[in-house]
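The values are calculated or read from the model by the stated rules, or taken from the named source; none is laboratory data. Nothing here was measured: the structure is a model prediction, and the numbers come from that model. Cβ: placed from backbone, ideal geometry, glycine included. Neighbour counts: every protein chain shown.
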Amino acid sequence: MPAFNLSPLFLLFVIFAVFLCGTFCLADWKSPAVNPLDSSILFPVKGNVYPLGHFTVSVTIGNPPKVFELDIDTGSDLTWVQCDAPCTGCTLPRDRLYKPHNNVVRCGEPLCAALFSASKSPCKNPNDQCDYEVEYADHGSSIGVLVKDPVPLRLTNGTILAPNLGFGCGYDQHNGGSQSPPLTAGVLGLGNSKATMATQLSALSHVRNVLGHCFSGQGDGFLFFGGDLVPSSGMSWMPILRTLGGKYSAGPAEVYFGGNPVGIRGLILTFDSGSSYTYFNSQVYGAVLNLLRNGLKGQPLRDAPEDKTLPMCWKGSKAFKSVADARNFFKPLALSFGNSKKVQFQIPPEAYLIISNLGNVCLGILNGSQVGLGNVNLIGDISMLDKMMVYDNERQQIGWAPANCSRPPKK
Ligand SMILES: *[C@@H]1O[C@H](CO)[C@@H](O)[C@H](O)[C@H]1NC(C)=O
Ligand SMILES: *[C@@H]1O[C@H](CO)[C@@H](O)[C@H](O)[C@H]1NC(C)=O
Ligand SMILES: *[C@@H]1O[C@H](CO)[C@@H](O)[C@H](O)[C@H]1NC(C)=O
């Protein structure tokens, strides 16, 4: 009984606390307008899924400044640039490589520890230079050393910053083979860890630790760091699964085809802008391919095994000029999250098909088991086209909304 017998003093305290909270806590939650961190950095994005196979931003680094075209990769943490240390496997002319100048990060610095929070650090002594090696899902890799240099950036409110940021100076690169796109000047690693440039910027209190990208189906788009460009309504949100360190994964999800569930459940999905195409594990890939093939019965499309653009291509009665010409032969896919199935990630035909240079329509969903991805399901660029994708590292959630990505947001 005593547990329910609240003393008047306690009640008074509760009422007082509610009153205080009503005035201040809500004000705190609801008034982004007075948040000093309500600024962003907006980058124009170049690229497309096909034929280029990547989306990039230009980042200026160092003094004198050099411009690097970096592949936007939410599937890895480290930002690195091709570096004249000297270099093996670099593709840029030597005068466009980054030149280190006694600015290495030491093993004892927090940034080095952050980079190795999920893996074994090669460091033996805190004064050693912080070496790294990153390997990508396509078996490409970069070996190098962490350095620090000013990175000039303009906030959306007009303020220009030049924070000293840490990144990799990559002096030994390997391409992932014929499947992978030609090497860009480096990679902008935007994963969910303390080592990314976005996290460093938020630790310096310049922007909130939120980032987003919007890739247009017509090519190009934009990327941002910070919270104020996130639409205040219309977003679908899912929590980031903490079990998959460093990756933006959500789930479990169920597959819908043409608006109906097809009995494939329990998918964990990783949103990875470093992958041009979407990869499903063998079982899901097989099921989706069957559904698509059944849907094509009686339609004027034939298998086109002679087209090697992607593993699965179809030829129409005449050459297709754009996905819009072929989309009506295909049904939309969707991934449905949570128990209520209310949170859906729509994948319309234009988010899983490309038109090859031979005028055939090809499936941009690939068999992950065939490229050694095992059970991982990757949502690649193709399925994120024409969507605002937001990775909120503060609230640990991923959000999306349909968007016109050829129009940069105004604020
Ligand atoms: C722009 O935003 C930054 C960080 O939020 C702030 O430090 C700066 O004073 C702002 N500049 C202007 C001109 O409002
Ligand atoms: C996917 O790839 C795996 C490994 O190569 C293979 O065993 C499987 O048959 C493939 N699945 C389909 C549906 O092609
Ligand atoms: C997207 O915005 C661009 C530029 O403002 C405009 O030309 C285009 O028609 C828009 N597309 C859609 C589908 O609204």
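Values computed for the structure shown
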| quantity | calculated |
| --- | --- |
| Leading residue by the ranking (modelled with the lowest pLDDT) among those in the range 168-185 that are assigned to a loop (DSSP other than H, G, I, E, B) and hydrophobic (A, V, I, L, M, F, W, C) | 183 |
| Members of the range 382-401 found to be surrounded by fewer than 21 Cβ atoms within 10 Å (Cβ to Cβ) and among the polar types (S, T, N, Q), listed by number | 396, 397 |
| Residue within the range 251-258 that is under 12 Å from residue 397 (Cα atoms) and not assigned by TED's automatic domain parsing to the domain that holds residue 115 present | yes |
| Pick from the range 120-153, criterion charged (D, E, K, R) and surrounded by 13 or more Cβ atoms within 10 Å (Cβ to Cβ), ranking: farthest from ligand 3 (Cβ to nearest atom) | 128 |
| Hits in the range 269-284 (condition: in contact with a helix residue (DSSP H, G or I) (Cβ under 7 Å, 6 or more places away or on another chain), outside any loop (DSSP other than H, G, I, E, B) and within 9 Å of ligand 2 (Cβ to nearest atom)) | 282 |
| Residues (in contact with a His (Cβ under 7 Å, 6 or more places away or on another chain) and within 16 Å of ligand 2 (Cβ to nearest atom)) located in the range 365-411 | none |
| Selected residue (only one of 226, 219 is within 16 Å of ligand 3 (Cβ to nearest atom) and within 22 Å of residue 406 (Cβ to Cβ)) | 219 |
| Selected residue (criterion: nearest to residue 371 (Cα to Cα)) from residues of the range 122-139 that are among the charged types (D, E, K, R) and assigned to a loop (DSSP other than H, G, I, E, B) | 138 |
| Qualifying position, being closer than 24 Å to residue 133 by Cβ, modelled with pLDDT under 95, charged (D, E, K, R) and surrounded by 14 or more Cβ atoms within 10 Å (Cβ to Cβ), among 84, 77 | 77 |
| Only one of 366, 373 that is modelled with pLDDT under 95, under 17 Å from residue 311 (Cβ atoms) and either out of contact with any Pro (no Cβ under 8 Å at 6 or more places or on another chain) or of a type outside the set (D, E, K, R) (or both) | 373 |
| Filter pass, residue 92 being free of Cβ contacts under 8 Å to residues at least 40 places away in the same chain and not β-branched (Val, Ile, Thr) | no |
| Meets criteria (in the same structural domain as residue 250 (by TED's automatic domain parsing), acidic (Asp, Glu) and either touching a residue at least 40 places away in the same chain (Cβ under 8 Å) or under 24 Å from residue 401 (Cα atoms) (or both)) for residue 350 | yes |
| Residue match in the range 363-374 (condition: more than 29 Å from residue 135 (Cα to Cα) and exposed (fewer than 15 other Cβ atoms within 10 Å of the Cβ)) | no |
| Single residue of 228, 220 found to be within 24 Å of residue 201 (Cβ to Cβ) and modelled with pLDDT under 95 | 228 |
| Filter pass, residue 316 being more than 30 Å from residue 392 (Cβ to Cβ) and touching a residue at least 24 places away in the same chain (Cβ under 8 Å) | yes |
| Residue among 211, 165, 188, 201 that is under 21 Å from the mean Cα position of the chain (by Cα), modelled with pLDDT of 90 or more and outside any strand (DSSP E or B) | 201 |
| Residue 386 being within 22 Å of residue 73 (Cβ to Cβ) and in contact with a strand residue (DSSP E or B) (Cβ under 8 Å, 6 or more places away or on another chain) | yes |
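Residue-by-condition table, conditions (1) within 30 Å of residue 40 (Cβ to Cβ); (2) within 16 Å of ligand 1 (Cβ to nearest atom):
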| site | (1), (2) |
| --- | --- |
| 228 | yes, yes |
| 240 | yes, no |
| 275 | yes, no |
| 299 | no, no |
| 303 | no, no |
| 310 | no, no |
| 320 | no, no |
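Okay, residues lined up against (1) assigned to a strand (DSSP E or B); (2) within 23 Å of residue 384 (Cα to Cα); (3) in the same structural domain as residue 350 (by TED's automatic domain parsing); (4) in contact with an Asp or Glu (Cβ under 8 Å, 6 or more places away or on another chain):
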residue: 44; (1), (2), (3), (4): yes, yes, no, yes
residue: 47; (1), (2), (3), (4): yes, yes, no, yes
residue: 55; (1), (2), (3), (4): yes, yes, no, yes
residue: 68; (1), (2), (3), (4): yes, no, no, no
residue: 71; (1), (2), (3), (4): yes, yes, no, no
residue: 78; (1), (2), (3), (4): no, yes, no, no
residue: 85; (1), (2), (3), (4): no, no, no, no
